[in-house]
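Structure first, then comments.
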Amino acid sequence: MITFLSTIGHSVIATLTKTGRGALFLKQTLSYTFSVLCQPRLISKQLFSVGVLTILIITISGLFVGMVLGLQGYYILSDFGAEETLGVMIAASLVRELGPVVSALLFAGRAGSSLTAEIGLMKATEQLSGMEMMAVDPIQRIVCPRFLAGCLSMPLLAAIFSMVGILGGQLVGVSLLGVDEGAFWSQMQSSIDFYDDILNGVIKSVVFGFVVTWISLFEGYDAIPTSEGVSRATTRTVVYSSFAILGMDFILTALMFGDI
Amino acid sequence: MQNPKSLETLVGLFVVIGIGALFFLGLNVSNLASYSDTDGYTITARFENSGGLKVRSPVSVAGVRIGRVTAIDFDNTSYESVVQMKIGAQYNTLPDDSSASIFTAGLLGEQYIGLQTGASEDYLTHNSELELTQSAIVLEEIIGQFLFSEKEN
């Protein structure tokens with residue numbers, strides 16, 4: 001019984017201290033924001049590895065998600081003779097939910113895991129300690145540019161995802177299934193509100209980018225510096241990021257679209 | 001990796017595509033383009049019942065959209081619905097005895113305000129009020145009336 005209680009206590013304390021370390025880590029990272037912003041070269045290099053290399057997977061997934069939405073939506077809507085609202089359905093579901101959420105999940109899998117592995121390996125091979133020896137703060141030099149690049153590229157990637165998805169839906173709906181093109185776009189334009197739908201989607205994607213980059217950088221920085229520790233940290237990044245994205249999505253949706 | 005020049009080009013391309021996608025969403029997918037009619041004048045109309053009219057519902061004359069509803073309020077003393085609408089600045093020759101009605105686009109479509117032009121020599125100006133109004137047609141009321149008259153016959 002005592003051992004059972006102490007196991008619970010141990011895991012609670014471990015979780016709490018880890019959360020605390022994570023918060024301190026975030027605070028340190030954010031405190032370097034301005035000094036890193038003065039060195040745009042550092043950020044642009046990270047924008048390449050975090051953002052540019054993720055475009056391909058985002059574009060392809062967005063295209064297929066949009067095309068599937070077009071097909072499924074058409075079959076349901078045609079039962080009610082409301083095929084013209086296909087555009088609204090595709091655009092609303094992409095801009096509000098699927099764009100930010102799916103691209104954040106892909107982002108966690110593609111960019112987040114590589115960030116964790118990179119930093120964890122730097123720690124395992126004592127590059128971070130080496131930097132500290134040379135009086136270079138690894139958080140300023142390594143972590144903060146990656147963090148900013150992640151926060152910047154996530155909304156852009158989500159916007160690309162939604163755009164490609166809508167075009168894919170148009171490809172299936174208009175070109176393949178014969179929905180009227182004018183009705184497709186005009187109904188979409190009259191139903192999707194810029195502030196309520198698109199801006200809220202952008203806010204969601206910024207939040208997801210923040211959380212995913214934070215989790216992946218912290219897991220890498222906090223990893224046990226062995227090859228096994230790094231591989232576990234990478235797994236944890238993807239798992240925790242996915243949990244965080246889906247959980248935060250519910251909260252954000254309730255705050256933005258629910259009339260509470 | 002590539003040399004720094006092409007890296008920067010690719011990053012620049014990424015940012016441009018991303019921002020371009022945001023613009024695409026803003027202008028082509030959403031109603032942002034129709035927000036642009038900022039200059040114009042406001043007129044009000046009182047309705048007994050404004051039905052399913054919403055803020056940003058269209059205001060049209062002869063089937064052409066000339067403005068949008070900007071506010072719908074309830075008058076505490078006359079128990080009427082006070083609808084404010086903004087008319088585009090170029091439509092400044094509407095007679096001041098025009099009347100406003102609330103119509104439904106299609107059987108189940110959204111509701112909009114249709115203006116019927118009058119014959120007055122004077123034009124509507126900023127803050128003028130339309131005197132002649134016709135309330136929204138509430139489908140349930142019509143069905144109710146129809147059933148009632150059937151019974152009497």
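Read-outs: derived from the displayed coordinates by stated rules, not from any lab. Because the structure is a prediction, the values reported are computed rather than measured. For neighbour counting, all protein chains shown are included, and Cβ atoms are generated from backbone atoms with ideal geometry for every residue, glycine included.
For this structure, a couple of remarks:
- Relative contact order %, chain B, counting alpha carbon pairs below 8 Å whose residues are six or more apart: 24 percent
- Within chain B, DSSP assigns beta bridges of which about 75% are antiparallel (rounded to the nearest 5).
- Both radii were evaluated on the Cα set of the stretch A:39-135; the Rg over Rh quotient, with Rh as the Kirkwood radius, amounts to 1.25.
- Of all the options B:Gly20, B:Gly118, B:Gly40, the one that moves most in a Gaussian network model of chain B with Cα springs shorter than 10 angstrom is B:Gly20.
- Relative to the longest principal axis of the Cα atoms of chain A, helix A:227-256 runs at roughly 50 degrees.
- Axis of helix A:144-170 versus longest Cα principal axis of chain A: the two differ by about 20°, to the nearest ten degrees.
- Amide hydrogen neighbours beyond the local backbone of B:Gly118, cut-off 5 Å, H modeled: B:Asp97, B:Ser98, B:Ser99
- Between the stretch A:8-55 and the stretch A:111-158, the C-alpha centres lie 7 angstrom from each other.
- Computed FRET value (nearest 0.05) for A:Ser190 with B:Tyr123, which takes r as the C-beta separation and R₀ as 35 Å: 0.75
- Shown here for the stretch A:140-193: chymotrypsin sites (Phe, Trp or Tyr not before Pro) in loop regions (DSSP other than H, G, I, E, B) with at most 16 other Cβ atoms within 10 Å, of which there are none.
- With neighbours defined as other Cβ atoms within 10 Å of a residue's Cβ, the residues A:Ile203, A:Ile8 order from fewest to most as A:Ile8, A:Ile203.
- Each principal axis of the Cα cloud of chain B was taken in turn, and the coordinate range along them, longest first, works out to 88, 45, 32 Å.
- Working note: Karplus 6.51/-1.76/1.60 with θ = phi - 60° gives the stretch A:192-202 the couplings 8, 9, 5, 6, 5, 9, 6, 5, 5, x, 5 Hz, where Gly and Pro are set to x.
- Phi-derived couplings, Karplus 6.51 cos²θ - 1.76 cosθ + 1.60 at θ = phi - 60°, listed residue by residue for the stretch A:120-126: x, 5, 4, 6, 5, 8, 6 Hz, with x used for Gly and Pro.
- Listing A:Ser205, A:Ser44 from fewest to most neighbouring C-beta atoms within 10 Å gives A:Ser44, A:Ser205.
- Relative contact order of chain A, pairs being alpha-carbon contacts under 8 Å that are 6 or more residues apart, as %: 31 percent
- Using alpha-carbon coordinates, inclination of helix B:139-152 to the longest axis of chain B, degrees: 30 degrees
- Sparsely packed GluC sites (Glu not before Pro) within the stretch B:115-146, loop by DSSP, other Cβ within 10 Å at most 13: B:Glu121, B:Glu131
- Temperature 10 °C, viscosity 1.306 mPa s: under these conditions the Stokes-Einstein estimate for chain A, based on its Kirkwood radius over C-alpha pairs, is 79 µm² per second.
- ³J(HN,Hα) computed for each position of the stretch B:49-60 - Karplus, 6.51 cos²θ - 1.76 cosθ + 1.60, integer Hz, glycine/proline x: 8, 9, x, x, 5, 10, 4, 6, 5, x, 10, 9
- Ranked by how many other Cβ atoms sit within 10 Å of their own Cβ, fewest first, the residues A:Ile13, B:Ile102 fall in the order A:Ile13, B:Ile102.
- Under-5 Å amide H pairs with B:Ser57, H placed in peptide plane, nonlocal only: B:Val69
- Sites matching GluC sites (Glu not before Pro) across the stretch B:38-114 that sit in DSSP coil, with at most 16 neighbouring C-beta atoms within 10 Å: B:Glu48, B:Glu110
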